[in-house]
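One structure is given below, encoded as structure tokens.
The values are calculated or read from the model by the stated rules, or taken from the named source; none is laboratory data. Keep in mind the model is a prediction, meaning the values are calculated, not measured. Counting neighbours? That spans all protein chains shown, and the Cβs are built from the backbone with ideal geometry, glycine included. What goes into the accessible areas is simple: the full protein's heavy atoms, side chains included, and nothing from ligands, DNA or RNA. Shrake-Rupley method; radii C 1.70, N 1.55, O 1.52, S 1.80 Å.
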Amino acid sequence: MREEHLLSGFLEPNNEPYAIAKIAGIKLCESYNRQYGTHYRAVMPTNLYGPNDDFDLETSHVLPAMLRKFHLAKLAAQGDWEAIRCDEERVGPIPKDIRSALKGEGDASRSPVVRLWGTGAPRREFLHVDDMAAACVFVMQLSEEAYAAACRQPDGAQVSHLNIGCGEDASIRELSELVQAVVGFEGKVMWDSGKPDGMPCKLLDVSRLNRLGWRPQIGLDQGIRSVYTWYLKYD
């Protein structure tokens, strides 16, 4: 999705309130700049992850939820229920269906199972929060001329913001395999196709920011490993 495509189509129903809130902020900055001559700069981030994320299994986004599910399953496979109790006490409650999967209920082998939503086919882009922060500082330090030039369209109009992302995506199934390898869980993964997949693809076009010379420094594998290291210390 390029910057100029904003508001050119329907919003995904599940994310509509969140999307409207972000777009309202961007448009507010654009309107103040036009009406009052201010110099606000707006950016649109892709999916973010990192330390201090929300790991609550009822409210968290896909990557932190996935990481915690695999971690709990690994502990269950080791029979370390005391560590699971401590995790629940520090991080948040474990829903009944996930606790059931940890006990292997519904699986003939009675081994811990990780159950994930959907088919695993949708594709998502992920950016580490440290890269997001670095990109924001980079944009703030641009000269007025450089920022205006980056936002300029061929017809002379200006886009309202700059996209921030890595420009690469992965399927949710590929993400699960990466997280599983990082955590070290060797058990079974089951996909619940009865649960929604959401948008088939979410990938930002970050060519404007790339042309200015900025690129992320933390790859997805490296980033997930660093988050898991942080989680283990937190846990």
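Using only helices, what value at 222 nm comes out for the chain when you add -39,500 (n - 2.57) per DSSP H run of length 4 or more and divide by the total residues, to the nearest 500 deg cm²/dmol?
Details: 9 runs with 107 residues, N = 235.
It lands at -14000 deg cm²/dmol.
Modelled label-to-label distance, Gln153 and Asn15, 7 Å Cα→beta-carbon offset: nm?
Reported label-point gap for Gln153 and Asn15 is 2.2 nm.
Can you send over the solvent-accessible area of His39, 1.4 Å probe, protein chains only, in Å² to the nearest 10?
The accessible area of His39 comes to roughly 120 Å².
Work out how much length Arg225 to Ser109 would gain on full extension: take 0.36 nm times their residue separation and subtract the Cα-Cα distance, in nm to one decimal. If you can, show how the numbers build up before the last one.
Numbers: separation 116, 0.36 × 116 = 41.76 nm, distance 2.96 nm.
Here the answer is 38.8 nm.
Helix check for the chain. Which DSSP H runs span at least 27 Å along their own axis by Cα, with a mean Kyte-Doolittle hydropathy no less than -0.5?
16-36
For the chain, what is the percent of antiparallel DSSP beta bridges, rounded to the nearest 5? Write down the numbers at each step before the final one.
Values: 3 of 16 bridges.
Just about 20 percent of them are antiparallel.
Among Ser8, Tyr18, Leu67, which residue has its Cα positioned farthest towards the positive end of the charge dipole of the stretch 1-94, with +1 placed on the Cβ of Lys and Arg, -1 on the Cβ of Asp and Glu, and the dipole taken about the Cα centre?
The Cα lying farthest towards the positive end belongs to Ser8.
Got the relative contact order for the stretch 154-220 handy, in percent, Cα pairs under 8 Å and 6 or more residues apart? Spell out each step's value before the answer.
Details: 27 pairs, mean separation 39.1, N = 67.
About 58 percent, as a whole number.
As I understand it, the dipole of the stretch 76-235 uses +1 on the Cβ of Lys and Arg and -1 on the Cβ of Asp and Glu, about the Cα centre. Which of Val159, Ser193, Trp214 lies farthest toward its positive end?
The residue sitting farthest along the positive end of the dipole is Ser193.
Which number gives the lysine pairs in the chain that have C-alpha atoms under 27 Å apart and are eight or more places apart or on different chains?
Number of lysine pairs found: 21.
Going by accessible area, probe 1.4 Å, with all protein chains left in place, what is the ranking of Met1, Met199, largest first? Provide the component values of the computation, followed by the final result.
Details: Met1 105, Met199 70 Å².
Greatest to least solvent exposure: Met1, Met199.
If you average the sequence gap of Cα pairs under 8 Å that are 6 or more apart and divide by the length of the stretch 107-235, what percent do you get for the contact order? Walk me through the numbers before you get to the answer.
Values: 148 pairs, mean separation 56.7, N = 129.
The value is 44 percent.
Let me spell out the model: positive unit charges on the Cβ of Lys and Arg, negative unit charges on the Cβ of Asp and Glu, origin at the Cα centre of the chain. What dipole size does that give, in debye rounded to 20?
Working: 27 positive and 33 negative charges, 13 e Å.
Approximately 60 debye in magnitude.
For a protection proxy built on the mean count of beta-carbon atoms within 10 angstrom, sort 13-24, 157-168 highest first, please. Could you put the intermediate results ahead of the total?
On the way: 13-24: 11.8, 157-168: 19.6.
Peptide ranking by packing, descending: 157-168, 13-24.
Roughly speaking, what is the centre-to-centre gap between the stretch 89-147 and the stretch 17-50 when only Cα atoms are used, to the nearest Å?
24
Among Pro200, Pro216, Pro45, which one shows the biggest mean-square fluctuation in a GNM of the chain, springs joining Cα atoms closer than 10 Å?
Highest fluctuation of the listed residues: Pro200.
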